[in-house]
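Asker: For reference, the structure I am asking about is given below.
The values are calculated or read from the model by the stated rules, or taken from the named source; none is laboratory data. This one's a predicted model, so the numbers in the text were calculated from it and none came from an experiment. Counting neighbours? That spans all protein chains shown, and the Cβs are built from the backbone with ideal geometry, glycine included. Ligands, DNA and RNA are stripped out before the accessible areas are found, and what is left, the full protein with its side chains, is counted by its heavy atoms. Shrake-Rupley method; radii C 1.70, N 1.55, O 1.52, S 1.80 Å.
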Amino acid sequence: MKYISILGSTGSIGTQALEIVRENRDLKVAALAAGSNTELLERQIREFRPELVCIFDESKAAGLRLAVKDLDVKVVSGMEGLIEAAVIPKAEMVLTAVVGMIGIRPTIAAIQAGKDIALANKETLVTAGHIILPLAEERQVRILPVDSEHSAIFQSLQGNKREQVEKIILTASGGPFRGRKREDLKDVTVQEALNHPNWSMGKKITIDSATLVNKGLEVIEARWLFDVDFDKIDVVVQPQSLIHSMVQYVDGGIMAQLGTPDMKLPIQYAFYFPDRKTLNTERVDFAKLGSISFETPDGDTFRGFRLAYQAGRAGGSMPTVFNAANERAVSEFLKGNIRFLEIAELIEYAMQKHKKVENPDLNEILKAEQEAYESVRERM
């Protein structure tokens with residue numbers, strides 16, 4: 001029996017992870033954590049019977065305690081509660097599926113407690129990879145990527161030597177605005193940006209896919225996960241979302257992981273690694289598929305993608321500023337306060353204002369985050 005703590009249980013990754021738990025009797029839930037969706041969280045508590053549950057807002061936690069008072073479950077709140085869910089003794093693995101930099105502290109706590117990490121919170125490595133990776137090595141903790149692209153790279157590396165990797169090739173769907181130019185994007189609506197052609201995801205990551213910022217964040221994350229220079233990370237647009245990413249080796253051979261666009265595969269792979277288990281998902285029919293096409297990402301139209309490489313190469317606290325400015329800008333776009341193209345403009349402004357800290361500790365990372373938020377507010 002394997003016990004898992006799921007941080008972000010009411011989001012897209014969290015709910016799919018619980019579907020996998022539901023289908024496998026050798027998986028159990030030790031703890032759940034959610035942001036604000038008490039109604040769904042209560043249903044999850046009643047089905048999966050965790051020992052501990054965190055809902056970030058204390059006022060909602062008080063209501064949830066009353067709602068589940070008939071059950072033997074501890075309800076906590078805030079960052080302290082999130083960390084408590086991450087370090088619960090019964091859990092062997094923590095799935096970090098919360099959105100944003102809120103995931104850093106519980107991830108660090110879970111590693112310090114010796115938990116394996118199924119990592120779906122890319123901001124953790126984007127902003128604190130220089131802290132997370134050495135700590136995981138010190139505590140002999142495995143970090144297993146759940147992002148579709150990073151899981152694909154991880155799978156393509158199995159059985160091969162890391163020093164023989166020549167290049168990592170991340171694939172991108174291109175999002176809902178693939179092929180359009182800046183002039184075409186001046187007046188796009190929130191609903192248009194949320195209309196992803198292939199994947200069903202939360203709102204924030206869907207907007208990040210539309211701006212290609214998500215792919216930029218994945219480039220920075222890949223740099224840390226697989227210990228490669230940015231010059232060895234390429235991105236290609238693969239509109240069918242069939243090839244999830246590839247690894248090219250020094251002899252020219254390329255290993256790729258293919259499959260239908262379904263997040264259950266990378267989630268389950270992380271839960272059971274190094275084993276594979278039967279998964280009831282749609283299979284690829286190559287005869288019906290017909291063809292797979294590739295394009296070069298448009299960094300001129302989608303400036304956030306180009307800014308990600310700039311932030312990643314600058315290093316230090318700059319990726320934090322890139323990520324935090326994007327978080328706030330996307331939030332403002334979803335509220336209708338800014339236009340689509342202004343997301344990248346706000347990121348660039350925050351990066352230009354920032355004085356980089358070369359090797360930031362956690363407090364300096366969190367300070368850079370707040371500075372980026374202030375820069376976005378100032379620019380708006």
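Asker: What distance in nm separates the two pseudo spin-label positions at GLU364 and ASP285, each 7 Å out from Cα along the beta-carbon direction?
Answerer: So the label points at GLU364 and ASP285 sit 5.6 nm apart.
Asker: What FRET efficiency do you get for LYS90 and LYS356 if R0 is 35 Å and r is their Cβ-Cβ distance, rounded to the nearest 0.05?
Answerer: Details: r = 41 Å, r/R0 = 1.18.
Computed FRET efficiency for LYS90 and LYS356 comes out at 0.25.
Asker: Can you give the Rg/Rh ratio of region 194-266, where Rg is from the C-alpha atoms and Rh is the Kirkwood radius?
Answerer: On the way: Rg = 13.4 Å, Rh = 13.8 Å.
So for region 194-266, dividing Rg by the Kirkwood Rh gives 0.97.
Asker: List, in the order given, every pair from LYS232/LYS355; LYS2/LYS60; LYS232/LYS335; LYS60/LYS204; LYS90/LYS167 whose Cα-Cα distance in the structure shown is over 32 Å.
Answerer: Values: LYS232/LYS355 27 Å; LYS2/LYS60 30 Å; LYS232/LYS335 37 Å; LYS60/LYS204 23 Å; LYS90/LYS167 39 Å.
LYS232/LYS335; LYS90/LYS167, as the Cα separations exceed 32 Å there.
Asker: Now for a different question. Assuming R0 = 51 Å, can you tell me the calculated FRET efficiency for the pair ALA113 and ARG339, based on Cβ-Cβ distance, to the nearest 0.05?
Answerer: On the way: r = 44 Å, r/R0 = 0.86.
The computed FRET efficiency comes out at 0.70.
Asker: Another question, if that's okay. For ARG25 and ASP262 in one chain, what is 0.36 nm times their gap in residues minus the Cα-Cα distance, to one decimal in nm?
Answerer: Working: separation 237, 0.36 × 237 = 85.32 nm, distance 2.13 nm.
Answer, rounded to one decimal: 83.2 nm.
Asker: What do you get when you divide the Cα radius of gyration of the chain by 2.2 N^0.38 Å, with N the number of residues?
Answerer: Dividing the Cα Rg of the chain by 2.2 N^0.38 Å gives 0.96.
Asker: Rounding to the nearest 20 debye, state how big the charge dipole of the chain is about its Cα centre with +1 on each Lys and Arg Cβ and -1 on each Asp and Glu Cβ. Display every interim value, and only then the final one.
Answerer: Numbers: 47 positive and 53 negative charges, 96 e Å.
In total the dipole reaches around 460 debye.
Asker: If I model region 327-380 as equal point scatterers sitting on the Cα atoms and use the Debye formula, what is log10 I(q)/I(0) at q = 0.12 Å⁻¹?
Answerer: Normalising to I(0) and taking log10 leaves -0.28.
Asker: Determine the share of region 44-159's accessible area contributed by carbon and sulfur atoms, expressed in whole percent, with a 1.4 angstrom probe.
Answerer: On the way: 2160 of 4380 Å².
Carbon plus sulfur share of accessible area: 49 percent.
Asker: Looking at THR124, LEU185, SER156, which one has the Cα that reaches farthest to the positive end of the dipole of region 120-190 (charges on Cβ: Lys, Arg +1; Asp, Glu -1)?
Answerer: LEU185
Asker: Determine ³J(HN,Hα), in whole Hz, for all residues of region 307-313 in sequence, where each value follows from phi through the Karplus function 6.51 cos²θ - 1.76 cosθ + 1.60 and θ = phi - 60°; x replaces Gly and Pro.
Answerer: 5, 5, 4, 4, 5, x, 5
Asker: Given the C-alpha atoms of region 145-257, compute the convex hull and give its volume per residue in Å³.
Answerer: Values: hull volume 11.8 nm³, N = 113.
Per residue, the Cα convex hull of region 145-257 comes to 105 Å³.
Asker: Give the carbon-plus-sulfur fraction of the accessible surface of region 281-332 in %, rounded to a whole number; probe 1.4 Å, heavy atoms of protein chains only. Intermediate values should be presented prior to the final figure.
Answerer: Values: 1160 of 2370 Å².
Of the solvent-accessible surface of region 281-332, carbon and sulfur hold 49 percent.
Asker: Could you work out the helix-only [θ] at 222 nm for the chain, with each DSSP H run of four or more residues adding -39,500 (n - 2.57) and the total divided by the number of residues, to the nearest 500 deg cm²/dmol? Write out the running numbers ahead of the final one.
Answerer: Working: 16 runs with 176 residues, N = 380.
Rounded to the nearest 500, the figure is -14000 deg cm²/dmol.
Asker: Projected onto the charge dipole of the chain (+1 at Lys/Arg Cβ, -1 at Asp/Glu Cβ, origin at the Cα centre), which of GLY78, THR320, ILE343 gives the Cα projection farthest towards the positive end?
Answerer: Positive-end residue among those listed: GLY78.
Asker: Between THR278 and MET79, with labels modelled 7 Å along Cα→Cβ, what's the label distance in nm to one decimal, could you check?
Answerer: Inter-label distance under the simple model: 4.6 nm.
Asker: Rounded to the nearest whole Å³, what is the per residue volume of the convex hull around the Cα atoms of region 93-136? Walk me through the numbers on the way to the answer.
Answerer: On the way: hull volume 2.3 nm³, N = 44.
Value for region 93-136: 53 Å³ per residue.
Asker: Which percent of the Cα-Cα distances in region 49-120 go past 14 Å?
Answerer: Details: 1497 of 2556 pairs.
That fraction is 59 percent.
Asker: Here's a follow-up. From the Cα gyration tensor of region 149-201, with a ≥ b ≥ c the square roots of its eigenvalues, which class applies: rounded if a/c is under 1.5, or else prolate if a/b is larger than b/c, or else oblate? Write out the running numbers ahead of the final one.
Answerer: Values: a/c = 5.54, a/b = 2.55, b/c = 2.17.
Note, shape of region 149-201 comes out prolate.
Asker: Could you work out how much longer the chain between ASP72 and MET380 gets when fully extended? Use 0.36 nm per residue separation minus the Cα distance between them, nm to one decimal.
Answerer: On the way: separation 308, 0.36 × 308 = 110.88 nm, distance 4.76 nm.
Separation in residues times 0.36 nm, less the Cα-Cα distance, equals 106.1 nm.
Asker: What accessible area per residue, rounded to a whole number of Å², is obtained for the chain using a probe radius of 1.4 Å? If you can, show how the numbers build up before the last one.
Answerer: Details: 16820 Å² over 380 residues.
Normalised by residue count, the accessible surface of the chain is 44 Å².
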